[in-house]
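Let me begin by presenting the structure, written as structure tokens, before commenting on it.
The values are calculated or read from the model by the stated rules, or taken from the named source; none is laboratory data. These figures come from a predicted structure and were not determined experimentally. Cβ: placed from backbone, ideal geometry, glycine included. Neighbour counts: every protein chain shown.
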Amino acid sequence: MTPQLVLFTDGQIVCPDRICPDHDLLVCDGRIESVRPNSKRRPKEAKIVSLGGGYLTPGLIDIHVHGGGGADFMDGTVAAVRTVCQSHLRHGTTTLFPTTTTATIEQLDAMLAACAQVQSADEASTAASDHAASARIGGVHLYGPYFAPDKVGCHLPNHQRAPDKQEYRRYFATNLVRIATCAAELPGATEFYRYASKRRCLVTCGHSNSTFAEMHAAFRAGMRHVDHFWCAMSSVTSLRARCGTPMQAGMEQFVLMEPEMSTEVIADGCHLSDDLLRFAYRFKGPERLCLVTDSSRALDQPPGEYRFGSEQDGPAFYSDGQVGWTLDRQGLASSVSGMDHMVRIMQRATKAPLPDVIRMASLTPAERVGIEKDYGSIEAGKVADLVVWTPKLNVKRIYLAGHRRM
């Protein structure tokens, strides 16, 4: 069978450590063959794709995402899962990790089953015409329900609970969970971390009011990541209320002091100031900082009231078109933006080199979840999940395994 060749040219190729302005990218049968200097000698059988002077980057990878396009993964249906994946593909995300909320066991089971069905259907599609125009599911992020009661945020508080061995083992038995979150101070957290670590998950601490000592114990048990930095996490002030004096260090200090720890930021321009984004980039660097959307079902939807999590009983929140708010407008309730927006805001706020910004949205999350062999960067041998951007960093075209999907 004749190999299918696609040659991308006339643009700037964003590699992990540099931009290659005078190079072509050759894709063979859905994988990257080479990045090579421009040449008039091109394979005759190759389809030529002009980048029009724009950027070519790897597909983006979102490890913390709840919904989009009016649907939430916690709706627990194949239709909802597909809608969310399609919505995020339009924003440059080619691989995502559906993220749970606090919920009942039955709701979590339904969400996992729906994600498994969509993932299985996509993996079974071999013909180019069969590939759905939606982001692929890399695995599930078991996020809720193991949150601290005083750090539930916009999630339903009555579904918050400590990890139960019998419960969480049923979720891991699906072989779908690749990221696992638990508040470090909860009873049973250490055992949860150890079990998730043995399952080769990215083990994280989130929605937690944990002390430095509790974080250290979690680290020894395998925890290596903290969800959405500065959001729903312990601070010196919150720990004084919990622990009294002397004042205690918490999650922020532990993440900044421990080189192996990674974290993530919601760079939507609403959750964190430019100063905080610059701070996170400077102190953790692009190898330990991920961009995430933490997006809700209000992505690409008009302003109005929506439900966070399950449409059945999720808490109501308000989207103003820029960010989600609790109904009293006193607290933020997830983002309503895609990864392309996060890339633009992070680049503007930090003035970081574009390869660093793209890395935080692609290779770094791929490395943290262990899929970097196939995804996350433009390198020979990897799957040709690619995004074509305009010079102003607006998404122009999207390719999955070398096939145009948007």
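Taken over segment 70-84, residues that are under 20 Å from residue 144 (Cβ atoms) and out of contact with any Gly (no Cβ under 7 Å at 6 or more places or on another chain) amount to 6. Residues that are part of a loop (DSSP other than H, G, I, E, B) and either touching a Lys or Arg at 6+ places or on another chain (Cβ under 6 Å) or more than 17 Å from residue 48 (Cβ to Cβ) (or both) within segment 1-21 comprise 1, 15, 16, 17, 18, 21, listed in sequence order. The set of residues in segment 87-133 being at pLDDT 95 or above and assigned to a loop (DSSP other than H, G, I, E, B) consists of 90, 91, 92, 100, 101, 102, 103, 104. Considering only residues in segment 22-47 that are modelled with pLDDT of 95 or more and part of a loop (DSSP other than H, G, I, E, B), the one that is surrounded by the most Cβ atoms within 10 Å (Cβ to Cβ) turns out to be 30.
Does residue 225 meet the test of being at positive phi and touching a Gly at 6+ places or on another chain (Cβ under 9 Å)? Give the derivation first.
Details: at positive phi: no; touching a Gly at 6+ places or on another chain (Cβ under 9 Å): yes.
Answer is no for this residue.
At least 3 residues being touching a helix residue (DSSP H, G or I) at 6+ places or on another chain (Cβ under 9 Å) and buried (at least 16 other Cβ atoms within 10 Å of the Cβ) is the threshold, and among the strands (runs of 3 or more DSSP E) wholly inside segment 252-316 those reaching it are 262-265, 289-291. Among the conditions (1) surrounded by 22 or more Cβ atoms within 10 Å (Cβ to Cβ); (2) of a type outside the set (Asp, Glu); (3) assigned to a loop (DSSP other than H, G, I, E, B), residue 203 misses just one, which is (3). Considering 65, 78, the condition of being under 22 Å from residue 311 (Cα atoms) and free of Cβ contacts under 8 Å to residues at least 60 places away in the same chain is satisfied by 78 alone. Only one of the numbered conditions (1) within 20 Å of the chain's Cα centre (by Cα); (2) in contact (Cβ under 8 Å) with a residue 40 or more places away in the chain is violated by residue 373, and that is (2). From the list 252, 260, 311, 264, the one residue that fits, being acidic (Asp, Glu), farther than 29 Å from residue 69 by Cα and in contact (Cβ under 8 Å) with a residue 24 or more places away in the chain, is 260.
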